[in-house]
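First up is the structure itself, then whatever we jot down about it.
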Amino acid sequence: MHMPPVSQPHPPSLQFSPAITLGDDTLPPETAAPSGNADPGKTYQQMFRMAQELQDVAAERDRAQAAIADAQHQALRRLILLAALKDGGTPEHCLRVGALSALLAHAMGLPEKRCDMLFDAAPLHDLGKLGIPDSILLKPGRLSPDEWRIMRDHPLLGVRLLGNAGSPVHELAVEIVLNHHEKWDGSGYPAGRLGTNTPLSARITAVADFFDAVTSLRSDRAPLGDDQVFRLLECASGTQFGV
């Protein structure tokens, strides 16, 4: 009669340990999973408190970011007022340029958030005029070549006044201030950008600025009618403007 084979135990060197330690990866006691002797209710309370503390930190961060954004927004608004007064104009012109830029961007199908940002950033387009002497900025007649060279520096001066971008609206304002006098045919300033090398935001602002300037009452001329303005825009399409 054949006897069934007797199973042999694994040699000690081949036996598997129920727990294999790979380095010191054990969890600290306060974060370890509850053992059979731990109080599950107490552990879950600790986890809940930790989650609540994380939520409180996130909420405080959001409040701080909102406060910073509001302070930056107020600072930009004050700069708009200063720039308008320096130029002998009115803050209303700057604000209308912002509103017209946002409306034009909306008509072009840009995202609503981008339109809102243009509303806030475009009014700063001529901020650099704060750095232009009144003798040039408010001169009633034509500027001399030297005076014109100084005037053409105002986009660069505006960028210096804005400093480093601290928010998306601030960054967009820098883009507009620097480029809103560039022209589609490359004859603008300060860099002579050609076509779409000029950011769309600056091209939109340039059209809005032109439209508001020629449709507003000024001491030296009456406002133009809509038909006249649209004819001018059509004539300038492909040379000065190219939205």
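The values are calculated or read from the model by the stated rules, or taken from the named source; none is laboratory data. Quick caveat, the model's predicted, so the values are computed rather than measured. Ideal geometry is used to build each Cβ from the backbone, glycine not excepted, and the neighbour counts take in all protein chains shown. Note: accessible area is taken over every heavy atom of the protein model, side chains too, but ligands, DNA and RNA are not part of it. Shrake-Rupley method; radii C 1.70, N 1.55, O 1.52, S 1.80 Å.
Numbers below:
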read-out	value
Residues satisfying the stated conditions in the range 161-180, i.e. open to solvent by 50 Å² or more (accessible area, probe 1.4 Å) and free of Cβ contacts under 8 Å to residues at least 24 places away in the same chain	Asn164, Ala165, Glu171
Scope the range 132-160; condition open to solvent by less than 20 Å² (accessible area, probe 1.4 Å) and under 19 Å from the mean Cα position of the chain (by Cα); matching residues	Pro155, Gly158
Cross-chain or 6+ apart pairs with Cβ under 9 Å, the range 38-63 first and part of a loop (DSSP other than H, G, I, E, B), then not polar (S, T, N, Q)	Ala38/Ala32
Among residues of the range 214-228, those that are surrounded by fewer than 16 Cβ atoms within 10 Å (Cβ to Cβ) and part of a helix (DSSP H, G or I), counted	4
Residues located in the range 176-213, provided they are among the hydroxyl-bearing types (Ser, Thr, Tyr) and under 16 Å from Asp120 (Cα atoms)	Ser201, Thr205
Subset tally (residues that are within 15 Å of Ala83 (Cα to Cα) and surrounded by fewer than 20 Cβ atoms within 10 Å (Cβ to Cβ)) for the range 116-131	2
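The rows are residues; the columns are (1) basic (Lys, Arg); (2) over 21 Å from Ala105 (Cβ atoms); (3) touching a helix residue (DSSP H, G or I) at 6+ places or on another chain (Cβ under 8 Å); (4) outside any helix (DSSP H, G or I).
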position: Leu143; (1), (2), (3), (4): no, yes, yes, yes
position: Glu147; (1), (2), (3), (4): no, yes, yes, no
position: Leu156; (1), (2), (3), (4): no, yes, yes, no
position: Leu161; (1), (2), (3), (4): no, yes, yes, no
position: Gly186; (1), (2), (3), (4): no, yes, yes, yes
position: Ala206; (1), (2), (3), (4): no, no, no, no
position: Phe210; (1), (2), (3), (4): no, no, yes, no
position: Phe230; (1), (2), (3), (4): no, no, no, no
position: Leu233; (1), (2), (3), (4): no, no, yes, no
